[in-house]
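Read the structure below first, then the notes.
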């Protein structure tokens, strides 16, 4: 059951085949995770798709396209309202998860991300909700192939989810890969351990600049390292107006787009300072969050490599399914993010 994990992430940023919306019976937009999903997917398009379906019974799930999200589908799952535990809540919540997984599988999905269904405004006790969620997913993956992640934002839920995951599936949890399980990277005439990362929801997805994580630098709060880097990019060229817009932007996609609009931008100047800027922001991100610090230090001396063919500066320029990533001399990118993370790791290790 190595395909069940708990991650700290905004579920709308994940690149899974499907994400789950904790829906109501009438599939209408609500607050919390539901509202965030409607907003990120495109409110009008998603509302029209939900209105066409019209209704979903408690304990069941229906599927719509994901529209502007990174996922292909949204599974709308209706969990039970907690009424004290004697109204079949446990049975209904189990059914909610199993029905969601079945619906996603029928669409050909191989990966899915859940919020903790019913544990918000529906009042289901969190510890019980975790046990039912993980049990249902365990039962499903005993007979079906599906990568399952639970996306939570709070450290409390992250810790609770991983504790129960370790209890019910002892070989699982949020820990780091053992060195023997790491990929091997060829660098010149030597081989070394390597960690390849990209998607926010993966085991090392927190290394991504798009991964949500609050930290402060010089009294200014940031919600991603992407936001910090693009903010500093604008200030480097004196564009305070766009810098202020960046601080108000919640989405890393929007943050990146704003950074590209920096007035007065000079490529050679930015090329000379961008890694220094990144290291400062990444140090703040990983030093101010104990869990992220443990994750980074847990990689030991492995080479850290961001994998995407869409970025030849911050990444190695190759995707994670490209075997050429295992040979540094075949990279098409500079992997600045990976090397910056390794420098931050050295800084944190030196502090003890």
So, with points 7 Å from each Cα along the Cβ direction, the residue 250-residue 269 label distance in nm works out to 3.3
Return 320, 332 ranked ascending by Cβ neighbour count within 10 Å, so the fewest neighbours appear first.
-> 332, 320
Distance between Cα centroids, the range 219-244 to the range 309-352: provide it in whole Å.
-> 23
If you take the beta carbon distance between residue 322 and residue 68 as r and set R0 to 22 Å, what does 1/(1 + (r/R0)^6) give as a FRET efficiency, to the nearest 0.05?
-> 0.25
Could you grab the relative contact order for the chain? Cα pairs under 8 Å, six or more apart, rounded to a whole percent.
-> 15
Cα gyration tensor shape of the range 73-123, rounded if a/c is under 1.5, else prolate or oblate by comparing a/b with b/c | prolate
Efficiency by 1/(1 + (r/R0)^6): what FRET value for residue 312 and residue 45, r their Cβ-Cβ distance, R0 = 35 Å, to the nearest 0.05?
-> 0.60
How do 88, 311, 267 rank when sorted from fewest to most other Cβ atoms within 10 Å of their own Cβ?
-> 267, 88, 311
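Taken together, the values in this text are just the output of simple stated rules run on the coordinates, not laboratory data. Because the structure is a prediction, the values reported are computed rather than measured. In this analysis, Cβ positions are derived from the backbone assuming ideal geometry, glycine residues included, and neighbour counts consider all displayed protein chains.
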